[in-house]
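Enquirer: Here you go, one structure.
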């Protein structure tokens, strides 16, 4: 049975992710150092908070090189969640540090100014996704699926083909991104009930 390894670097809703994986009967363990990543089949990279602080912590824990090897050399599946998705890209205007750059793009803050819809940042609450093309991660999922979002920054991909699904908040933005074995979800599947269960189950068993 494939096991999912959750990167524990002190950033993310680890308890919620663990509970969700237990509920859907997906085997998992935690990665605290580079040795755990080397033994992994699939990786979940969670994240909440600031871009630069997350990258700094990954470097401090000596996890960056192992994650790069996992993705670019071993070419095994990785899913970044929320801030973890933004870390997959080149950079964020929130900070000055470089991201992993596995998917060409950057994170930009929502800015609506005096918008007529009175939209407030962060984008918080339930919203729908619009799949852009078929992918095992989205198997048996459609535009009726909704997920829980909490974020002030959104990812813009340089290549349209890397946008697996979009969501509308003031404008369409990338809510799921993908390049080869790398996936990112801007929302929190671990807080999205049956919809999040389906996505995590697909990542565990179909990707």
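What follows draws every value from the coordinates through simple rules; no lab data is involved. This one's a predicted model, so the numbers in the text were calculated from it and none came from an experiment. Glycine gets a Cβ as well: all are built from the backbone with ideal geometry, and neighbour counts include every protein chain shown.
Enquirer: At a Förster distance of 22 Å, what's the computed FRET efficiency of residue 193 paired with residue 109, Cβ-Cβ distance as r, to 0.05? The partial results should precede the final answer.
Expert: Details: r = 28 Å, r/R0 = 1.27.
Once rounded, the FRET efficiency stands at 0.20.
Enquirer: Compute the FRET efficiency between residue 33 and residue 205 as 1/(1 + (r/R0)^6), taking r as their Cβ-Cβ distance and R0 = 30 Å, and round to the nearest 0.05. Mind showing how you got there, number by number?
Expert: Numbers: r = 27 Å, r/R0 = 0.90.
The pair residue 33/residue 205 has a calculated efficiency of 0.65.
Enquirer: Could you work out the relative contact order of the chain, using alpha carbon pairs under 8 angstrom and six or more residues apart, expressed as a whole percent?
Expert: RCO, the chain: 20 percent.
Enquirer: Tell me, what does the Kirkwood hydrodynamic radius of the chain come to in angstroms if you use every pair of distinct C-alpha atoms? Display every interim value, and only then the final one.
Expert: Numbers: mean 1/r = 0.0592 Å⁻¹.
It is 16.9 Å.
Enquirer: Sort the following peptides by mean Cβ neighbour count (other Cβ atoms within 10 Å, averaged over residues), highest first: 181-193, 95-107. Numbers along the way, then the final one.
Expert: Working: 181-193: 23.5, 95-107: 18.4.
Result, highest mean Cβ count within 10 Å first: 181-193, 95-107.
Enquirer: Given labels modelled 7 Å from the Cα in the Cβ direction, how far is it in nm from residue 64 to residue 93?
Expert: Here the answer is 2.4 nm between the modelled labels.
Enquirer: Still on this structure, please answer the following. Give me 24, 73, 129, 6 sorted ascending by neighbouring Cβ count inside 10 Å, so fewest comes first. Spell out each step's value before the answer.
Expert: Numbers: 24 14, 73 8, 129 25, 6 20.
So the residues, fewest neighbours to most, are 73, 24, 6, 129.
Enquirer: Compute the distance from the alpha-carbon center of the range 78-148 to that of the range 41-66, in whole Å.
Expert: Centre-to-centre (Cα) distance: 18 Å.
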